[in-house]
Amino acid sequence: MKFNKICVIGLGYIGLPTASMFAASGIKVVGVDVNQEIIRTLSAGGLHIHEPGLKTMVDQAFSSGNLSVSAQPEEADAFIIAVPTPFYGDKKADMRFVKSATESILPYLRKGNLVILESTSPPRTTNKLVKPILEKTGLVAGSDFLLCYSPERVLPGQILRELVENTRVIGGITSQSAEAGRDLYRLFVKGEIILTDTTTAEMVKLMENTCRDVNIAIANEFSRLADRFGVNVWEAIEIANLHPRVKILNPGPGVGGHCISVDPWFFVEAAPDLAQLIAMARKVNDEQPKFVVSLVERVMGTLSGKKIAALGLAYKPDVDDLRESPAIETIHLLEQAGAIVEAYEPYKPGGYLGIKTQVELDLLLANADLILILVGHAQFRELDVVHIKSISAVRTIVDTVNAAKPEWEYAGFKVYQLGNGHQ
Ligand code: SAJ
């Protein structure tokens with residue numbers, strides 16, 4: 001199938017790089033987003049996403065004349081839906097964005113078009129939700145128009161490289177649909193392209209992230225066991241991973257982001273009677289901040305009135321994304337226990353709603369009773385220990401991400417690590 005013009009609906013951290021990649025491949029791309037602020041920012045040459053290399057790619061896409069942005073779709077050869085799929089408070093999938101994005105295509109859908117859902121979705125979404133909406137046009141999926149599901153698997157911070165290099169799975173409602181999807185992505189994907197059916201592709205995406213969540217949960221549970229048995233979990237994991245077929249992930253303060261902490265719930269909602277281990281892993285990870293608080297309480301004696309300098313709010317190292325961040329949950333629990341917490345987040349100097357933040361790290365550390373490392377930002381791994389000792393009386397550190405280098409102990413600080421039962 002040939003493509004001259006496509007619409008990419010949703011200009012978030014996946015939609016915008018994808019739209020720019022297609023524009024760079026030489027086809028016309030209309031980037032669509034209902035958020036007027038995003039349209040305004042992009043039209044003014046700005047960027048609402050922090051991703052290495054993206055600004056250059058978006059600027060080139062615009063200057064080539066191939067990329068344009070709009071609040072609504074236009075007639076095109078293909079439509080890609082890349083909108084968020086969060087969950088409600090009860091952990092049920094919130095499919096409103098997928099529904100409204102699919103509805104927005106109806107006036108422009110024509111015979112021979114290809115529609116692709118990229119958003120991470122519960123199993124059977126393409127067949128049971130997207131297909132019936134599109135068929136309200138009277139066109140029949142698989143014969144009048146082609147329909148696929150193709151998830152992204154890129155790692156925030158490495159999106160542009162992984163969009164090109166990663167293996168891509170494309171699930172078609174028919175094999176002809178999947179083949180058309182391959183024709184489209186082959187415009188920039190250099191990695192292998194695997195064809196299958198829609199529900200298998202949806203399941204593959206959920207399995208990838210759910211497997212990671214379960215593996216992080218076992219690492220977090222090991223941190224609790226090691227703490228109780230007087231073992232340093234970091235040393236134990238390092239030794240266990242020398243086994244040729246063992247790969248234990250890293251414990252931490254919990255699991256954040258809008259993927260790993262969200263996607264497993266789609267399985268639990270779709271089949272609660274079957275997804276028992278998956279649900280338990282989510283519970284373990286969601287409770288990890290409590291385990292951090294119990295360690296801080298043990299170290300500090302009482303939390304009431306204690307001044308804690310929290311390093312990091314992001315959901316993981318070296319990103320500016322705070323969604324579902326366990327660091328934020330941990331801080332809320334510490335405050336509920338009476339501690340006075342102030343945070344420093346280098347990737348979000350403006351801070352975060354409801355959390356006291358300090359943009360000057362020295363000021364934050366100067367009168368703290370405890371330094372709590374919650375995110376393994378490279379900047380925190382390289383802190384100038386001697387300088388900190390000179391500007392602050394704090395000498396106690398709780399490190400939840402194995403980020404404190406040995407120099408801290410050499411300089412006279414006492415470092416308490418999450419999951420280290422020796423301390
Ligand atoms: N985490 C740990 N211990 C670990 C690894 C991660 O506690 O050993 C925590 C992180 O700190 C973070 C959370 O888990 O809070 C998730 O981080 P991540 O790096 O595992 O995942 P994401 O959400 O940034 O990206 C994942 C990736 N999926 C997999 O690695 C299977 C990425 O490839 C996906 O494209 C992305 O989800 C997505 O958008 O689905």
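Sort out which residues of region 151-167 are within 12 Å of the ligand (Cβ to nearest atom) and under 18 Å from Val8 (Cα atoms), and write them in order of number. The answer is Pro151, Glu152, Arg153, Val154, Ile159, Leu163. Can you pull out the residues in region 12-37 that are away from the ligand (no atom under 16 Å from the Cβ) and touching a strand residue (DSSP E or B) at 6+ places or on another chain (Cβ under 8 Å)? If the condition is that a residue be away from the ligand (no atom under 16 Å from the Cβ) and touching a strand residue (DSSP E or B) at 6+ places or on another chain (Cβ under 8 Å), then Ala19, Ser20, Phe22, Ala23, Ile27, Lys28, Val29, Val30, Gly31, Val32, Asp33 are the ones that fit.
Quick check on Leu333: is it touching a residue at least 24 places away in the same chain (Cβ under 8 Å) and closer than 19 Å to Ser392 by Cβ? The answer is no for Leu333.
Could you please find all residues in region 194-228 being hydrophobic (A, V, I, L, M, F, W, C), more than 22 Å from the chain's Cα centre (by Cα) and over 17 Å from Gly252 (Cα atoms)? Once the filter is applied, which keeps residues that are hydrophobic (A, V, I, L, M, F, W, C), more than 22 Å from the chain's Cα centre (by Cα) and over 17 Å from Gly252 (Cα atoms), region 194-228 yields Ile194, Leu195. Among the candidates Leu155, Leu184, Leu163, Leu146, the residue that is in a strand (DSSP E or B) and either of a type outside the set (S, T, N, Q) or touching a strand residue (DSSP E or B) at 6+ places or on another chain (Cβ under 8 Å) (or both) is uniquely Leu146. Entry remark, region 299-313: residues being in contact (Cβ under 8 Å) with a residue 60 or more places away in the chain and either more than 16 Å from the ligand (Cβ to nearest atom) or acidic (Asp, Glu) (or both) number 6 in total. Among the residues of region 391-423, just one is among the polar types (S, T, N, Q) and over 24 Å from Arg228 (Cα atoms), namely Ser392.
Among all residues of region 67-77, there is at least one that is surrounded by fewer than 17 Cβ atoms within 10 Å (Cβ to Cβ), within 25 Å of Ala180 (Cα to Cα) and not polar (S, T, N, Q). Residue count for region 314-339, restricted to those that are more than 9 Å from the ligand (Cβ to nearest atom), surrounded by 16 or more Cβ atoms within 10 Å (Cβ to Cβ) and outside any loop (DSSP other than H, G, I, E, B): 7.
The sole residue among Val231, Val246 that is more than 16 Å from the ligand (Cβ to nearest atom) and more than 19 Å from the chain's Cα centre (by Cα) is Val231.
Okay, residues lined up against (1) of a type in the set (A, V, I, L, M); (2) outside the structural domain of Glu103 (by TED's automatic domain parsing); (3) touching a Leu at 6+ places or on another chain (Cβ under 9 Å):
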{"site": "Ala141", "(1), (2), (3)": "yes, no, yes"}
{"site": "Gly157", "(1), (2), (3)": "no, no, no"}
{"site": "Val164", "(1), (2), (3)": "yes, no, no"}
{"site": "Ser177", "(1), (2), (3)": "no, no, yes"}
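Restricting attention to region 25-72, the residues that are part of a loop (DSSP other than H, G, I, E, B), in contact with a Leu (Cβ under 9 Å, 6 or more places away or on another chain) and closer than 28 Å to Lys2 by Cβ add up to 4.
Residues considered: Leu418, Leu374, Leu334, Leu370. Of these, the only one that is touching a Gly at 6+ places or on another chain (Cβ under 6 Å) and under 16 Å from Val292 (Cβ atoms) is Leu374. Based on what the data block shows, is Thr174 away from the ligand (no atom under 12 Å from the Cβ), crowded, with 18+ Cβ neighbours inside 10 Å and of a type outside the set (Lys, Arg)? So Thr174 does not fit the description; no.
Assess whether Ala236 counts as being within 23 Å of Lys405 (Cβ to Cβ), more than 14 Å from the ligand (Cβ to nearest atom) and hydrophobic (A, V, I, L, M, F, W, C). Against the criterion (within 23 Å of Lys405 (Cβ to Cβ), more than 14 Å from the ligand (Cβ to nearest atom) and hydrophobic (A, V, I, L, M, F, W, C)), Ala236 qualifies.
The values are calculated or read from the model by the stated rules, or taken from the named source; none is laboratory data. Computed from a predicted structure; not experimentally measured. Backbone-built Cβ (ideal geometry, glycine too); neighbour counts: all protein chains shown.
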